Structures are given as structure tokens and as C-alpha cells.
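Asker: To start, I am sharing the structure in question, which I have written as C-alpha cells.
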Amino acid sequence: MFQLTKIEYGRDNIPEPMLMPATAGTAYKTGMALKLNTTTHKLIPATGDTTATYIALEDKVGVEGEMVLCYAITPQMIFEVPLSAYSATTVVIGGRLQFATDAQSLTSAAASTYTATTTSGTTTITSCLGGMIIDLLGAKAEGDKVLVRLA
């Protein structure tokens, strides 16, 4: 579960709630990372190497035409989140992690590495999206929590 711990430079740590369209049949959980489906423009879980834009504020199974209570993620937000997998080589401050398949935790599955590809003498650096670790909180195993910035 993505738990908001701080909004930097904010007066309080309470994000502005909003209602966004639900995807029929999707099970939403409080603290789940979400994104908009680019085709349907409805909320879906953020998984893998992607960017989350919302956090769910309620447990609900999506019904066509209904809305989900959530809040938008901003760059000033810091979240405490559990690791669904742990790797000492990738769980480091500044490392990037992917969203796990449950959209409620992060995994170190190759997301902290940067890939450089060379084509015709041009080098392109790509990085994985998800969350960037800003504090390890003593994490040493699966289930331990880290502090991350998502935007």
C-alpha cells in the first residue's frame, strides 16, 4: 500500500480528493497506485515499468459508469511503500523500482538499471519509471518498507 508520509513544502499532508472513472470489474484497494488507460480514459492499476498518476482512497470493485475516490500524485509527495521483492544491488538510495503486479508495492526487478543503446553513433539513455528511493528505512528483505517519490 502506498502510504503518503509527507508533502514537501505543503501546509499539511492531506491531498485533495477527486472522483475519476472506474474500469468495470477492476478491484481497487486503498493505497493502490493507479493510472489512466490511454484508450478508455478510466483508472487501471499501475504495474511494471510505468508511471502512476493517482492513488486510490477506497476499496471498491469498478462498475461501468461509476467513479473511484482517489488523489493525484505530485512531485512533492513522499510515500512509504513495501517491497514485494528485495535485491541488495537495486534497493539503494536513488535507485528506481517498478510497480509490482498488485499495484500496492514495488519490486526491484531490473528497474534501477539504466539501459544505453547505440544506433548509428547516437546513444540513447532510457530509465525505468515507477518509484525512486529516497530513504531505505533499514530495508533488508521482502516486505520491508522504503520511502519513494513517484512523480
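Asker: Of everything in the stretch 88-109, what is on the phi > 0 side of the Ramachandran plot and more than 13 Å from the chain's Cα centre (by Cα)? Give them in sequence order.
Answerer: Gly94
Asker: Scan the stretch 69-76 and give yes if some residue there is within 29 Å of Glu142 (Cβ to Cβ) and outside any loop (DSSP other than H, G, I, E, B), otherwise no. Outline the logic, then answer.
Answerer: Of the stretch 69-76, the ones within 29 Å of Glu142 (Cβ to Cβ) are 70-71, 73-76.
Going one step further and asking which of them are outside any loop (DSSP other than H, G, I, E, B), we end up with 70-71.
Yes: one or more hits.
Asker: If you don't mind, there's one more thing I want to ask. Looking at Thr89, Thr30, which is the one that is surrounded by 12 or more Cβ atoms within 10 Å (Cβ to Cβ) and either part of a loop (DSSP other than H, G, I, E, B) or in contact with a Phe, Trp or Tyr (Cβ under 8 Å, 6 or more places away or on another chain) (or both)?
Answerer: Going through Thr89, Thr30 in turn, just one is surrounded by 12 or more Cβ atoms within 10 Å (Cβ to Cβ) and either part of a loop (DSSP other than H, G, I, E, B) or in contact with a Phe, Trp or Tyr (Cβ under 8 Å, 6 or more places away or on another chain) (or both): Thr30.
Asker: Now for a separate question. Within the stretch 1-27, how many residues are hydroxyl-bearing (Ser, Thr, Tyr), part of a loop (DSSP other than H, G, I, E, B) and within 14 Å of Met77 (Cα to Cα)?
Answerer: Let us first name the residues in the stretch 1-27 that are hydroxyl-bearing (Ser, Thr, Tyr), namely 5, 9, 23, 26.
When the remaining residues are screened for being part of a loop (DSSP other than H, G, I, E, B), the result is 9, 23, 26.
Right, trim to within 14 Å of Met77 (Cα to Cα) and you get 9.
Residues meeting the conditions: 1.
Asker: Looking only at residues that are more than 11 Å from Val68 (Cα to Cα) and at pLDDT 90 or above in the stretch 9-23, which one is surrounded by the most Cβ atoms within 10 Å (Cβ to Cβ)?
Answerer: It comes out as Pro15.
Asker: Within the stretch 31-49, is there a residue that is among the acidic types (Asp, Glu) and out of contact with any Gly (no Cβ under 8 Å at 6 or more places or on another chain)?
Answerer: no
The values are calculated or read from the model by the stated rules, or taken from the named source; none is laboratory data. Just so it is clear, the model here is predicted, and its values are computed rather than measured. Every residue, glycine among them, receives a Cβ derived from its backbone with ideal geometry; neighbour counts consider all protein chains shown.
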